[in-house]
Amino acid sequence: MFKKISTFCLVVFALSFFQVAYAGILPGLSVAVDTTEVEVGSSVAYTIVYDNSTGEDYSDVVVSMDLPVGGGVNFVSSSLPEFWSGATPYWRLGDLTDGSSSTISFVVSLSDGFEQESISTSVLLTGEGDEGSINVGASAATVNVVSDDVDEDEDEDEDEEDDEDIDDEEDMDELEDQEESEKKEVDFMADGVDTIDVAMVVGGAGVAAFDKNVNEWDNRFLFIGLVAFGLILIIGLAAYFLGRKAK
């Protein structure tokens, strides 16, 4: 009894393993874009690649693309005859025999008023095989959209720099005018004169007379000082001798 149960479990495990292994063998599918960034008003080219290396033939094969055309995304061209489910394109490939492979090119453009920051898309392959229906999906391809706002920001930055340059030039002109005005206010020299006559500046007196007055006052202070020193010396000596005589 135990051997029968063990054998049954092994058979079930083997069938499950082969079923999982077989289920993992599916046609290949991928999608790529010719650029990761696109400017508004430019086009984007998608390339869908599919192949069959499963050892089995498939029929009623259809490849659909999750890329709603419209609202700023405009259809340009397709390498294979396309069909439409609303605004979504798809392609009826028919039979996909073992060992076959091919590509589909699909091009769209972006209108000037397109406002989305990016476009993401994915593809799906469906068909019928000996073991039933298949569904093969491919990872999404994302394209970043570069809008005109970047150019506008750059233009604004350039305008601000130009305004700053103009302001700097105006400030320099004002500073030069101010310096020129101050220079005129303190300019005592007449036209054609390279030096200033100080005698014309000091209280209306000549330099020689000014120096004479200073020297005279210096002599007077010296004379008064000598007289005072002499008097103090005489008084001191007199007080000294009178003190000795009193003792």
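With respect to the numbered conditions (1) under 38 Å from the mean Cα position of the chain (by Cα); (2) at pLDDT below 80, which one is the sole condition not fulfilled by Gln116?
Condition not satisfied by Gln116: (2).
Sort out which residues of the range 66-96 are within 34 Å of the chain's Cα centre (by Cα) and either surrounded by fewer than 17 Cβ atoms within 10 Å (Cβ to Cβ) or closer than 18 Å to Thr126 by Cα (or both), and write them in order of number. Break it down stepwise before answering.
Kept after step one, since they are within 34 Å of the chain's Cα centre (by Cα), are these residues of the range 66-96: 66-76.
Listed by number, the residues that qualify are Asp66, Leu67, Pro68, Gly70, Gly71, Asn74, Phe75, Val76.
Going by what's in this entry, would Val49 be described as in the same structural domain as Thr121 (by TED's automatic domain parsing) and farther than 28 Å from Ser133 by Cα? Talk me through it step by step, then tell me what you get.
Numbers: in the same structural domain as Thr121 (by TED's automatic domain parsing): yes; farther than 28 Å from Ser133 by Cα: no.
Considered against the rule, which asks whether it is in the same structural domain as Thr121 (by TED's automatic domain parsing) and farther than 28 Å from Ser133 by Cα, Val49 comes out as no.
Do we have Val49 as surrounded by 17 or more Cβ atoms within 10 Å (Cβ to Cβ) and in contact with a Ser or Thr (Cβ under 9 Å, 6 or more places away or on another chain) here?
In short, no.
Identify all residues within the range 126-138 that are over 30 Å from Glu39 (Cα atoms) and part of a strand (DSSP E or B); write none if there are none.
As a first pass, look at the range 126-138 and keep what is over 30 Å from Glu39 (Cα atoms): 126-136.
Within the range 126-138, Thr126, Gly127, Glu128, Gly129, Gly132, Ser133, Ile134, Asn135, Val136 meet the criteria.
Which pairs turn up if I take residues in the range 53-75 that are in the same structural domain as Ala138 (by TED's automatic domain parsing) and look for partners that are polar (S, T, N, Q) with beta carbon separation below 6 Å, at least 6 apart in sequence or on another chain?
Between residues of the range 53-75 that are in the same structural domain as Ala138 (by TED's automatic domain parsing) and residues that are polar (S, T, N, Q), the close pairs are Asp57/Thr97; Val62/Thr126; Asp66/Thr121; Asp66/Ser122; Leu67/Thr121; Pro68/Thr88; Gly72/Ser111; Asn74/Ser109.
The values are calculated or read from the model by the stated rules, or taken from the named source; none is laboratory data. If you're wondering where the values come from, they're calculated on a predicted model, not measured in any experiment. Cβ: placed from backbone, ideal geometry, glycine included. Neighbour counts: every protein chain shown.
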